[in-house]
1. Starting from segment 285-299, keep only residues that are assigned to a helix (DSSP H, G or I), then list their pairs with residues that are of a type in the set (A, V, I, L, M, F, W, C) and surrounded by fewer than 20 Cβ atoms within 10 Å (Cβ to Cβ) whose Cβ atoms are within a distance under 7 Å, requiring at least 6 positions of separation or different chains.
2. Inside segment 245-264, can you point out the residues that are among the basic types (K, R) and either assigned to a loop (DSSP other than H, G, I, E, B) or at positive phi (or both)?
3. Determine which member of the set D275, D281 is under 21 Å from D131 (Cα atoms) and buried (at least 20 other Cβ atoms within 10 Å of the Cβ).
4. One residue is enough: does segment 194-206 have a residue meeting the conditions under 19 Å from A304 (Cβ atoms), surrounded by fewer than 18 Cβ atoms within 10 Å (Cβ to Cβ) and in contact (Cβ under 8 Å) with a residue 60 or more places away in the chain?
5. Look at segment 174-220 and say how many of its residues are outside any loop (DSSP other than H, G, I, E, B) and among the charged types (D, E, K, R).
6. From the list E252, E235, E229, exactly one residue is surrounded by fewer than 19 Cβ atoms within 10 Å (Cβ to Cβ), in contact with an Asp or Glu (Cβ under 9 Å, 6 or more places away or on another chain) and not aliphatic (A, V, I, L, M). Which is it?
7. Using beta carbons and a limit of 8 Å, which pairs, at least six apart or on different chains, have the first residue in segment 17-35 and at positive phi and the second one open to solvent by 10 Å² or more (accessible area, probe 1.4 Å) and in a strand (DSSP E or B)?
8. Looking at the structure I just gave you, is S82 small (G, A, S), free of Cβ contacts under 8 Å to residues at least 12 places away in the same chain and either under 27 Å from S146 (Cβ atoms) or touching a helix residue (DSSP H, G or I) at 6+ places or on another chain (Cβ under 9 Å) (or both)?
Amino acid sequence: MSKLLVTGGAGFIGSNFVHHVVEHTDHRVTVLDALTYAGNRASLAGLPEDRVAFVHGDITDAALVDELTARADAVVHYAAESHNDNSLHSPRSFLDTNIVGTYTLLEAARKHETRFHHISTDEVYGDLELDDPARFTDTTPYNPSSPYSSTKAGSDLLVRAWVRSFGVQATISNCSNNYGPYQHVEKFIPRQITNIIRGLRPKLYGAGENVRDWIHANDHSSAVLTILEKGRTGETYLIGADGERNNRDVVELILEEMGQPRDAYDHVTDRAGHDLRYAIDSTKLRTELGWTPRFADFESGLAATIQWYRDNESWWAPSKGRTEAFYASKGQ
Ligand code: NAD
Ligand code: TDX
């Protein structure tokens with residue numbers, strides 16, 4: 001049994017990870033989360049108090065981070081400003097949290113010789129052409145496009161430097177686009193589902209040809225647990241489940257699943273610098289560490305996610321109005 005410090009554990013993927021850890025291991029978890037607009041304590045409701053403790057605080061608070069890291073066997077670092085569209089309009093908090101916050105945690109892990117796992121994204125590699133057979137691997141050169149992805153790339157490079165220069169026992173994972181319960185309504189799939197529930201039309205950026213490589217958040221969680229248990233210090237593991245789809249197909253699937261005409265959506269202003277395609281080659285994680293995804297069927301995972309948003313309107317309703325007002329002000 002280990003004591004895990006999980007940063008950003010009240011966010012989408014972090015909260016899914018905490019649920020997964022409680023269900024599948026006997027680890028104890030301390031969540032450190034600043035409860036920004038993206039954090040929600042309700043995402044951790046119902047978890048046993050003797051297994052999960054919650055600390056409301058910021059990862060840039062060095063004294064607090066030091067105190068919590070001293071008590072942990074491992075740090076699993078999810079906390080981030082995570083939304084590309086926000087980073088195009090207000091990038092400052094992305095530098096503070098993603099760069100300075102990661103630095104603050106690395107210094108604590110270095111001091112206390114604590115195992116560290118850094119959660120990152122495939123977006124650090126930039127994008128691929130639609131007809132390119134290539135997929136990202138851990139040797140693909142970094143080439144981030146947005147303020148968000150450039151700060152995630154910077155945080156990855158800090159982790160690599162703290163491994164090489166200071167011997168921090170760290171691993172990194174770069175995962176593709178996640179879907180599942182507890183995802184904020186600003187993100188693509190929950191935005192469209194909750195729009196339809198509210199009688200609004202889904203909004204597709206540009207022509208909708210951009211491709212994302214979808215993975216269920218539970219599969220991301222099982223991969224991170226595998227890396228925590230078996231990953232080699234200093235290594236980078238790419239996490240993906242062969243789920244490439246273009247955005248138009250995903251919107252049409254959601255509409256069909258929710259009993260609407262497949263063409264009942266609007267095209268809106270495209271995202272500035274919009275990455276065309278992401279695709280992950282997760283062979284290293286599968287062959288070296290023996291991980292396999294369980295949610296192979298995107299349609300059924302999507303149907304379950306739609307049902308979750310239907311059943312949990314009180315979870316997402318408080319964020320919906322201000323999220324749509326923000327998008328409307330940008331023509332999206
Ligand atoms: P999210 O925005 O849903 O959650 C982020 C969480 O971090 C929130 O609970 C927020 O309150 C917390 N947080 C933000 N700033 C903080 C700070 N300064 N101190 C403490 N807590 C703070 O994000 P997510 O989608 O769950 O992403 C989690 C991680 O996974 C991020 O590092 C992201 O880069 C990475 N990732 C996300 C995806 C995806 O598809 N969403 C894919 C690959 C990687
Ligand atoms: O309303 C929308 N319409 C639309 O067409 C929104 C919100 C998005 N999109 C498009 C943009 C992208 O091509 O859908 C795709 C997915 O958009 P997001 O959900 O914003 O995700 P993305 O920008 O791909 O980044 C996500 O995956 C990688 C996460 O938000 C990041 O945190 C993660 O690193």
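The values are calculated or read from the model by the stated rules, or taken from the named source; none is laboratory data. Keep in mind the model is a prediction, meaning the values are calculated, not measured. Neighbour counts run over all protein chains shown; Cβ positions are idealised from the backbone, glycine included. All accessible areas refer to the heavy atoms of the entire protein, side chains included, with ligands and DNA or RNA removed. Shrake-Rupley method; radii C 1.70, N 1.55, O 1.52, S 1.80 Å.
1. From residues that are assigned to a helix (DSSP H, G or I), the pairs are E299/L253.
2. Correct list: R262 only.
3. Every option except D275 fails the conditions.
4. Yes, segment 194-206 has at least one match.
5. The number of residues fulfilling the criteria is 5.
6. Among E252, E235, E229, only E235 is surrounded by fewer than 19 Cβ atoms within 10 Å (Cβ to Cβ), in contact with an Asp or Glu (Cβ under 9 Å, 6 or more places away or on another chain) and not aliphatic (A, V, I, L, M).
7. Cβ pairs passing all conditions: L35/H56.
8. No: the conditions fail for S82.
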